[in-house]
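Notes follow the structure.
The values are calculated or read from the model by the stated rules, or taken from the named source; none is laboratory data. Predicted model, so just to flag it, every value in this text is computed and none were measured. A quick note on method: Cβ atoms are made from the backbone with ideal geometry, for glycine too, and the neighbour counts reach across all protein chains shown. For accessibility, only protein heavy atoms count, side chains too; no ligands or nucleic acids. Shrake-Rupley method; radii C 1.70, N 1.55, O 1.52, S 1.80 Å.
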Amino acid sequence: MEKSHKLVFVPLDERPCNYEFPYMLAQGTEFEMVRPPMGMMGLKKRPGDTERLWAWLEKEAADADGAIIAIDTLLYGGIIPSRLHYLKPMELANRVDRLRRLKARNPNLRLFAFQLIMRCPQYSIADEEPDYYGDWGREIFRKGFISHRQELGLATVEESMELAEIDARLPADVLQDYLDRRAVNIEAIGRVLDVIADGGIDFMIFPQDDSAPYGYTAKDQQKVRAQISELDVELRAYMYPGADEVGCTLLARMVNEIKGSTPLIYPRLAAIQGSFVTPLYEDRYFYETLKYQIMAAGGLIGSGCSDSDLVLLVNTPGETMVEAVSQAHPFFGYDINRNIIELVEYGDYVMRVQSKPAAVADVGYANGGDLKLVKLLRQKGMLFNLAGYAGWNTSSNSLGTVISQSMLYLHYGRTQEHLDFLALRYAEDVCYCAGVRMDLNAGLVEQLGLSVFELDGQRGEVSRLVKERLGEMLDQRINSDQGVVEITDCFMPWNRTFEVGLQARFHVKPPIYR
């Protein structure tokens with residue numbers, strides 16, 4: 001397809017979900033997406049080269065139709081460095097001021113951006129946090145959580161006793177370092193909000209990963225929400241759970257806006273109570289986030305199938321969400337309080353009888369696809385006829401990914417690029433996240449003398465083993481008479497088991513005539 005629009009893309013970090021997914025989705029469109037060379041990006045805790053990234057952005061944006069930028073990359077060098085830096089407020093203020101000049105140089109530039117509110121994980125692991133978080137992470141989270149509840153008059157006696165015990169043990173310098181960085185980051189967000197109010201950014205998302213209803217992150221959300229309201233930018237600055245999917249979301253919004261389209265999406269849920277489940281690592285009812293995810297991508301919720309452009313088959317849990325690893329020992333509520341058989345039958349009817357596009361948001365579990373659901377989709381021959389599928393990491397990561405792919409499908413149809421992205425999702429979300437990774441974490445890595453947080457490099461024995469096992473699982477769960485998925489590349493981006501880097505190709509099987 002001839003490229004007629006140039007989009008500049010600054011990813012949140014170098015992992016495939018941020019660096020590759022939006023780029024892959026853009027390939028089957030008339031939008032030429034350019035991104036920084038990998039050499040400018042960081043590597044996990046090592047920040048990217050912000051000066052080179054700024055210079056690259058300013059050059060490429062000068063003649064672009066649109067730009068999608070992760071502000072955390074331009075300010076701190078990436079998502080993890082945003083939690084580790086020692087930058088001064090004035091340094092960040094100078095970088096934020098460079099945002100203003102992008103549209104000044106190119107008044108026709110559509111500028112969409114996103115910036116995270118710093119998370120506060122509930123566990124003591126330093127893999128993505130300052131080193132002291134390995135010793136004090138749980139205490140830092142609980143201090144913020146209980147203190148917030150005390151301010152609201154909600155803390156129990158037991159919580160107050162726990163807080164007193166934490167205060168007696170938590171080193172003052174550790175807490176101060178953590179809180180100082182949060183304050184600097186919030187100040188930077190305030191400066192970005194001023195750019196939005198002045199028209200320097202057209203649309204903004206403040207996504208939140210690993211959120212909770214109380215604590216330091218929730219309080220920071222309140223501050224930012226108050227500033228958004230004070231500046232009257234509520235319609236141009238959204239805040240909702242998510243993070244690594246936002247590049248895809250803003251790509252869909254950019255395409256819809258430039259093409260003058262507002263797709264209507266009808267969500268069909270697997271459980272009547274699914275709307276009221278608060279997903280793991282999120283802070284609100286599922287349906288409230290679903291509304292934001294659809295709006296952020298440039299669409300709206302339709303009232304029914306007949307008046308909508310796409311049906312989104314949403315595999316919600318029935319009462320509470322658990323991790324995908326639990327599928328080995330199913331939680332009874334997943335069979336009793338939801339009905340995935342009806343969801344699949346409805347999707348098949350919509351696609352086959354009404355010729356309406358349908359996609360699957362596989363958000364029944366956290367951190368992996370639903371093996372039972374995928375089995376049913378395969379039996380119905382639906383896997384590679386869908387407008388989109390996602391079931392990785394958090395509920396919002398999956399929602400943003402599948403909604404974006406589906407909206408592009410509405411414009412461009414069943415291209416090879418679309419099929420390859422579906423193949424990637426089944427290989428990664430289903431076969432790796434809900435299969436191979438569980439084997440790795442259950443002892444396979446330790447048998448190799450390694451740790452789940454420290455493997456033998458991006459392309460070592462673990463990556464070879466993962467590719468081999470993925471091939472086996474694809475044969476078992478995905479490949480069919482419709483076609484087969486080929487894994488053309490496999491590596492471990494952050495040298496740990498949590499994520500995998502894959503390239504996948506879907507090969508249609510020719511019919512056999514007898």
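Okay, here's what the table says:
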{"item": "Value of relative contact order over the chain, rounded to a whole percent, pairs C-alpha under 8 Å and six or more apart", "result": "11"}
{"item": "Residues with amide H under 5 Å from that of residue 483, placed H, sequence gap 5 or more", "result": "509"}
{"item": "Residue range of the chain that is longest and free of GluC sites (Glu not before Pro) which are both DSSP loop and sparsely packed (at most 13 other C-beta within 10 Å)", "result": "235-514"}
{"item": "Net length gained if the chain between residue 259 and residue 179 were fully extended (0.36 nm per residue, minus Cα distance)", "result": "24.4 nm"}
{"item": "Computed log₁₀ I(q)/I(0) - Debye formula, equal Cα scatterers, no solvent, the stretch 469-514, q 0.15, 0.30, 0.34 Å⁻¹", "result": "-0.48, -1.09, -1.18"}
{"item": "If the convex hull is drawn through the Cα atoms of the stretch 394-468, its volume per residue in Å³", "result": "106"}
{"item": "Pairwise FRET efficiency - residue 27 versus residue 352, Cβ, R0 = 30 Å, nearest 0.05", "result": "0.60"}
{"item": "Relative contact order computed over the stretch 64-116 (Cα-Cα under 8 Å; 6+ residues apart), in percent", "result": "63"}
{"item": "Residue-normalised accessible area of the chain, given per residue in Å² at a 1.4 Å probe", "result": "39"}
{"item": "Burial order of peptide ranges 434-442, 171-179 (average beta-carbon count within 10 Å, highest first)", "result": "434-442, 171-179"}
{"item": "Inter-probe distance in nm under a simple model that places probes 7 Å from Cα toward Cβ, at residue 86 and residue 475", "result": "5.4"}
{"item": "J(HN,Hα) series, the stretch 63-73, from Karplus relation 6.51 cos²θ - 1.76 cosθ + 1.60, nearest Hz, glycine and proline x", "result": "10, 8, 7, x, 9, 10, 10, 8, 5, 4, 5"}
{"item": "Per-pair calculated FRET efficiency, R0 = 30 Å: residue 222 and residue 135 via Cβ, rounded to 0.05", "result": "0.55"}
{"item": "Range of Cα positions in the chain per principal axis (Å), largest first", "result": "76, 55, 48"}
{"item": "Cα pair distances of the stretch 1-115 binned at 10 Å [whole percent]", "result": "14, 47, 31, 7, 1"}
{"item": "Alpha-carbon gyration tensor eigenvalues x 5, square-rooted, for the stretch 217-296, Å", "result": "22, 21, 11"}
{"item": "3J(HN,Hα) from dihedral phi, the stretch 483-492, Karplus parametrisation 6.51/-1.76/1.60, rounded to Hz, x for glycine, proline", "result": "x, 10, 9, 10, 8, 9, 7, 8, 8, 10"}
{"item": "Carbon/sulfur fraction of accessible area - the stretch 243-351, other protein chains in place, 1.4 Å, %", "result": "56"}
{"item": "Under 13 Å from the residue 412 label point (7 Å along Cα→beta-carbon), backbone N, the stretch 7-48", "result": "7, 21-34"}
{"item": "Share of alpha-carbon pairs per 10 Å distance bin for the stretch 327-450, given as whole %", "result": "13, 41, 32, 11, 3, 0"}
{"item": "Estimated inter-spin distance, residue 126 and residue 191, nm [label 7 Å along Cα→Cβ]", "result": "2.9"}
{"item": "Under 24 Å from residue 219, Cα to Cα: lysines that are on another chain or at least 8 residues apart", "result": "88, 143, 291"}
{"item": "Compactness of the stretch 252-367 as Cα Rg over 2.2 N^0.38 Å, two decimals", "result": "1.12"}
{"item": "Label point distance in nm, residue 164-residue 284, each placed 7 Å from Cα along Cα→Cβ", "result": "3.7"}
{"item": "Karplus (6.51, -1.76, 1.60) ³J(HN,Hα), θ = phi - 60°, over the stretch 152-161, in Hz, Gly and Pro reported as x", "result": "8, x, 10, 5, 7, 4, 4, 5, 5, 5"}
{"item": "Solvent-accessible surface (1.4 angstrom probe) belonging to residue 380, in square angstrom, nearest 10", "result": "80"}
{"item": "Cα-based reach from residue 103 at 19 Å (exclusive), listing lysines while leaving out same-chain residues under 8 positions away", "result": "6, 59"}
{"item": "Relative contact order (%) - criterion: Cα under 8 Å, at least six apart; region: the stretch 22-136", "result": "25"}
